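Engineer: Please see the structure below; I have some questions.
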Amino acid sequence: NHKEVLRRAKHRSMREIERLIAELAPKPDVASSIRALPTKKPESQLLTKEAGENPSPPQSTTPVPVAPKSLSRPVPLAPKRYKLQVTIGEDTRGKLEELQALLSHQIPDGDPAKILDRALDVLLAETKKKKAALTDKPRASRTRSGGKTRKVPARVRREVFKRDEGRCAFVDAEGRRCGSAWQVEFHHRNPYGRGGTHDVENIELRCRGHNQYEAELEFGAGFMAGRRAS
């Protein structure tokens, strides 16, 4: 089936190819587990041993962790199934154990994956509400008294975020959209500093890189560098 596989892999990104491999050769789910990382002695003690001297007692009781090769993102195992590997601290371990106990009626096996899914639901809803005013019960718009404000109204942020699907809407000269969801910001097409309004039609999402790029085109690289420095 190599011709069909190559046809499907053509022009695909590495992440898309990884998902294709997981579809063609699915792997079983990995079991959830929590274990302490192995530790090693400080390098100074190892050098002393190599030199043939009598090692002195350790001066510090803090172990040096030997972290396994980290996975910066979920790895596909099978269609719609991913493996996530993280290293957590003692405080995070305590929070997890407390949640396992509190949720023991709903999640009797205390599976960290199930708890993570619930925690992400809560954090995602909270972050979307703060970032883009996305909520099931939006408040009525209130007219602020006083002067003009740079803050984009919640109603506008909500509509723009939905319209641009939470992704950078920058389009290059060849008509290609950026589409990045990383560090997205609200961008005024007609700059706020030049009298641009907070209308939905004047606001678009930009990743930080393209937002700064367009600001430099409008005001100059030197001016923007000075503003960022201050």
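Engineer: To the nearest 0.05, what FRET efficiency results for residue 27 and residue 148 with a Förster distance of 41 Å applied to their C-beta separation?
Structural biologist: Step by step, r from the Cβ atoms, then E = 0.10.
Engineer: Tell me the label-point distance for the pair residue 126, residue 223, using the 7 Å Cα-to-Cβ offset, in nm and rounded to one decimal.
Structural biologist: Calculated label separation equals 4.0 nm.
Engineer: Follow-up question, since we're still on this one. Is the shape of the range 130-230 rounded, prolate or oblate, going by the alpha carbon gyration tensor and its root eigenvalues a ≥ b ≥ c, with a/c under 1.5 for rounded and a/b larger than b/c for prolate?
Structural biologist: Oblate, because a/c is 1.5 or more while a/b does not exceed b/c.
Engineer: R0 = 35 Å: FRET efficiency of residue 7 with residue 88, Cβ-based, nearest 0.05?
Structural biologist: 0.25
Engineer: So how do 80, 27, 128 rank on accessible area, 1.4 Å probe, biggest first, that is with the largest at the start?
Structural biologist: Working: 80 185, 27 130, 128 85 Å².
If we order 80, 27, 128 from most to least accessible, we get 80, 27, 128.
Engineer: While we're on this one: Set the Förster distance to 25 Å, then compute FRET efficiency between residue 17 and residue 81 from the Cβ-Cβ distance, nearest 0.05.
Structural biologist: Efficiency, from the Cβ-Cβ distance: 0.90.
The values are calculated or read from the model by the stated rules, or taken from the named source; none is laboratory data. Note that the structure is predicted; figures quoted are calculated from it, not measured. Cβ atoms come from the backbone with ideal geometry, glycine included; neighbour counts cover every protein chain shown. Heavy atoms of the whole protein, side chains included, go into the accessibility calculation; ligands, DNA and RNA do not. Shrake-Rupley method; radii C 1.70, N 1.55, O 1.52, S 1.80 Å.
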